Every structure is written in structure tokens, then in C-alpha cells.
Amino acid sequence: MPKLTQAPSTIETLVAPDEARVYSLSVIAATLWSAVTCHRFHPRRLDAEIRGEISANRGRARSRPTIAVTGHRTPKSRPAMSISGSATLEGTIRYRERFKDRATENHFREQQHLWLSSIGTGTYLGNPDDETDARYTAAISRAVELGANVIDTAANYRFQRSERAIGKALGQLFETKGFSRDEIVICTKGGYLPFDGAPPRDIRRYVEETFVKPGIASFEDIVGGSHCMTPAYLQNQLEQSLRNMNLASVDVYYIHNPESQLGHVSGEEFQSRLRAAFESLEKRRAEGQLKFYGVATWNGFRVAAGSSGYHSLDRMAGIAHEVGGESHGFRFIQLPFNLAMPEALTLSNQTLGSHQVCTLEAAAGLGVTVMSSASIFQGRVAQGLPEDLRETLGSLSSDAQTAIQFVRSAPGITTALVGMSSLEHVEDNLQLASVEPLQLERFMQLFSAT
């Protein structure tokens, strides 16, 4: 195919469904992927080490992760005065206006009648200890002050401690720094079984006492020893997340890596479980505990149709429409997108009408907003970038900024989530608020045929 000389006017024309296209970026992606895998990085292995996943199906506990922990445990009851409200159009407009003299026009994007920053704060990595808690609290607060109004977390991140650090940061922001709840978009996830502050000594007993005996989930409901998405379990996890963050409502609630169920249950059973989960989340939405819901995935939208772990976005949206009608709340998805993992834009694995399209195009067509996780691949694409790539992306002051600029410039990505527990990283990354994302024609130079 000849080199692309004219920028597509819309995302629909970025990836032709009936033509093979050779991307120059694919060489970069392959090189970066090789670099990270040579360090024996494996997402599921990393998940197991950090999350301390259980193996209830084998009837015995795994070895405890060899990481520093404390005996921290937070009371179960929600504080008497949880923070009411949720993000609104008016509130997020007010937040955007705070930065009218500092942020570029396209740093904020309107989606789902909210204005979201193009960079958001992630809270996945870090030791489960008081020092890291304090660092996250300070970093989250500072990021909001510098123009990032999207905060992302999950129940199992650092054994619930990331959610609790967010709760402390929100308290500071709302009580002493002049921000309000309706300005901030708060997202969390449920699906993996979380520990409480630290790994328990007896994992199986913890699961039995915490989830099985109270009737929240049975061992049969728990897939792969670590994942559950039954209505009762998701309700329990949502309420727990609200307690952890001292909130009355979250703005986006994701089912966390639902593809974890695939390979353990049939496709028909998975669809049934997903429908039940969506029905439950629509009820929680009607009750005001969440504004929108979606799925946060690792492989589901990155693999070819028919592959193990594949998700059809059109089918998911169809289920949401069936259970929630035209105004259903399935409006967000989260997926990895970075210089080494560009499949959401380059792989035509989704169906939209009669066309095969990439996930980003399918999401746009279905009215679903896309958040990018792993925007700098946990630092693995934030160093040693080729000079020609750095030049195309604006010759920014750091490779981390360059990697984030790639993600926030991609058509179809609303927010690039970046894990930030360091004030230094917050200050560096949020310098991009004053830098315009790449124009589409410039961005597409990375995808020119060779």
C-alpha cells in the first residue's frame, strides 16, 4: 500500500477493513515488546505476585508474595458522612475553566456529558505499606491541582490500599483545597478477590470467612481461584469501594478483566454471567451508586476474533441495550494501549455493522468511551525510545512524556492513565497539559506504509 499522504478525517478511515497495511510503528512495537519480555515480564504473573491471588480450586493456599506488608486493616463500616454526588457536566466544565490559562484546548475532552483530562492518575503498582499510601495520597492530590481530573483504581490494587489513599486525597482536595466532587471523575473496578491491607496468613480461610460464609460468593462462583463477577459479589465489592473512598457514588465502575472467566466456562455461560452482572449494575446505577459502568480488560480487546479470551464489544453493548434500554450505562471500556501494544488501533478484530474495524473505531461507533491503561507499560516504554520516534512525537523533555503523548494523541483514546505515586513523576507528566496532542496527520506518520 502506498504511503499515507492525506490524514484521515475521522477514525472510521484509519484502518481499512479490506486491505493489509504495513505499519512502520509495528517495528517499534515489536522491538519494545521484545525488550520488555526479555525481562520475563508476564501480565498474569505480575498480577499474581502483586494481587496475591488465591487458588481455592486446589483447596490450598499459594505461597504468600514476598513483598513488604503491614498489618494495616481499615474498619468495614462506611464513615457516617460519605462524600455525596458525582461528576457532572457543570462541575467538569468548572474544573476545565480552572486551567484555561495553563492547559491547551485539547487537553480536556468531552465524553458522556463530562469533560475528562487527557491524562489520568492510575494507582496499580507499589508496596502495600503506609509510606506508599502517603505517596499516592500526595500524588493524587497534586495531579488534580495540575489538571488531571480522572482517577483510576480497583478494589484489589495494593490490597484495597490504593482506594483508601484516594479517599484521603479526596478529603484533602474537597476540605482544604477548594475542589468539589462534581469536578472529579472517579473510576474503580471489581472482579478479583482483594485482600484487606495485606495478604492473610491463611488465604483459603480468609476467602471462606470473607466471601463464602456470608453468602457473597461460593467457591464454585470463583473462577481460576481469583475472579468472581456474580451480582452479589459485584454489589459487595462496589459497596466496599465506596467505603474505602468515603464516597456515595463512583462515576465509572468496571468489571475487572472479565476475560478471566473465559477458558473456565463456556461462551454461553459467560454471556449469561455478563448479562446478570450488567443487570445488577443497572440496578446500582438506578440507586445512585454509580454513574456509568463498563469492562476493564487486558487481552479481551487486543486479540483476534475467535482467539481465547476475545471480547466482542458489539455483543457487550447489545447485552447492555437489552437490559438497560437506549439509556443504558455501559459507556466505558479500559484497555492497554501504548507504543508496544497498539492493537486497539491497528487490529481490525471488531464488528461494526457489516465492517471489520479496530476496537477504537467500534467504541466510537457504539458510543463507548475508551480509557487507556498501561500507557507507559509500567515504565517499560518510557526509556530508550528511538530518536526519530521522539521527533515525530514532538521532541519532548523525557521519554515518559513522549510515551504518554503517543497515547493521548491517538484518535479514539480519551484519557491516558498513568500510574503516579511520585510527586516528581506527577510534575513531569502533567507538563503535557500545556502541550497540544499531535495533529492527526502528524500522528499518522507513525503508521505510514513502508
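Here are the numbers for this structure:
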item: Any hit, segment 35-43, residues being surrounded by 13 or more Cβ atoms within 10 Å (Cβ to Cβ), small (Gly, Ala, Ser), in a helix (DSSP H, G or I) and modelled with pLDDT of 95 or more; result: no
item: Checking Glu436 against (1) in a loop (DSSP other than H, G, I, E, B); (2) buried (at least 17 other Cβ atoms within 10 Å of the Cβ), the condition it does not meet; result: (2)
item: Residue match in segment 324-340 (condition: within 30 Å of Arg380 (Cα to Cα), buried (at least 17 other Cβ atoms within 10 Å of the Cβ), touching a His at 6+ places or on another chain (Cβ under 7 Å) and touching a residue at least 24 places away in the same chain (Cβ under 8 Å)); result: no
item: Every residue from segment 246-261 that is more than 15 Å from Lys189 (Cβ to Cβ) and either acidic (Asp, Glu) or surrounded by 20 or more Cβ atoms within 10 Å (Cβ to Cβ) (or both); result: Ser249
item: Close pairs from segment 349-363: first farther than 10 Å from Ser312 by Cα and of a type in the set (D, E, K, R), partner at pLDDT 95 or above and buried (at least 24 other Cβ atoms within 10 Å of the Cβ), Cβ under 8 Å, at least 6 apart; result: Glu361/Gln350
item: Given (1) charged (D, E, K, R); (2) in contact with a helix residue (DSSP H, G or I) (Cβ under 6 Å, 6 or more places away or on another chain); (3) more than 17 Å from Thr123 (Cα to Cα), number of the condition Lys168 does not satisfy; result: (3)
item: Close pairs (7 angstrom Cβ cut-off, 6 or more residues apart or separate chains): among the basic types (Lys, Arg) in segment 259-273, assigned to a helix (DSSP H, G or I) anywhere; result: Arg273/Gln261
item: Where a residue in segment 225-244 is within 18 Å of Val207 (Cβ to Cβ) and part of a helix (DSSP H, G or I) and its partner, wherever it lies, is among the hydroxyl-bearing types (Ser, Thr, Tyr) and modelled with pLDDT of 95 or more, with Cβ under 6 Å and at least six apart; result: Leu234/Ser280
item: Members of segment 378-397 found to be without any contact (Cβ under 8 Å) to a residue 24 or more places away in the chain, in a helix (DSSP H, G or I) and over 25 Å from the mean Cα position of the chain (by Cα), listed by number; result: Glu387, Asp388, Arg390, Glu391
item: Which numbered condition Ala400 misses (of (1) in contact (Cβ under 8 Å) with a residue 24 or more places away in the chain; (2) surrounded by 23 or more Cβ atoms within 10 Å (Cβ to Cβ); (3) outside any loop (DSSP other than H, G, I, E, B)); result: (2)
item: Odd one out for Ser272, checked against (1) part of a loop (DSSP other than H, G, I, E, B); (2) of a type outside the set (Asp, Glu); (3) surrounded by fewer than 20 Cβ atoms within 10 Å (Cβ to Cβ); (4) modelled with pLDDT of 95 or more; result: (1)
item: Residue count for segment 275-290, restricted to those that are part of a helix (DSSP H, G or I) and without any contact (Cβ under 8 Å) to a residue 24 or more places away in the chain; result: 2
item: Residues being under 16 Å from Phe159 (Cβ atoms) and among the hydrophobic types (A, V, I, L, M, F, W, C) - total across segment 198-256; result: 5
item: Residue in segment 382-398 that is closer than 23 Å to Thr153 by Cβ and modelled with pLDDT under 95 present; result: yes
item: Residue among Phe179, Phe195, Phe174 that is in contact (Cβ under 8 Å) with a residue 60 or more places away in the chain and over 22 Å from Tyr95 (Cα atoms); result: Phe195
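Conditions tested, residue by residue: (1) more than 23 Å from Arg408 (Cβ to Cβ); (2) among the charged types (D, E, K, R); (3) at pLDDT 95 or above.
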site	(1), (2), (3)
Ala68	yes, no, no
Thr92	no, no, yes
Gly122	no, no, yes
Pro128	yes, no, yes
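The values are calculated or read from the model by the stated rules, or taken from the named source; none is laboratory data. As the structure is a prediction and not an experimental result, all values here were calculated from the model. All Cβ positions, even for glycine, are placed from backbone atoms using ideal geometry, and neighbour counts span all protein chains on display.
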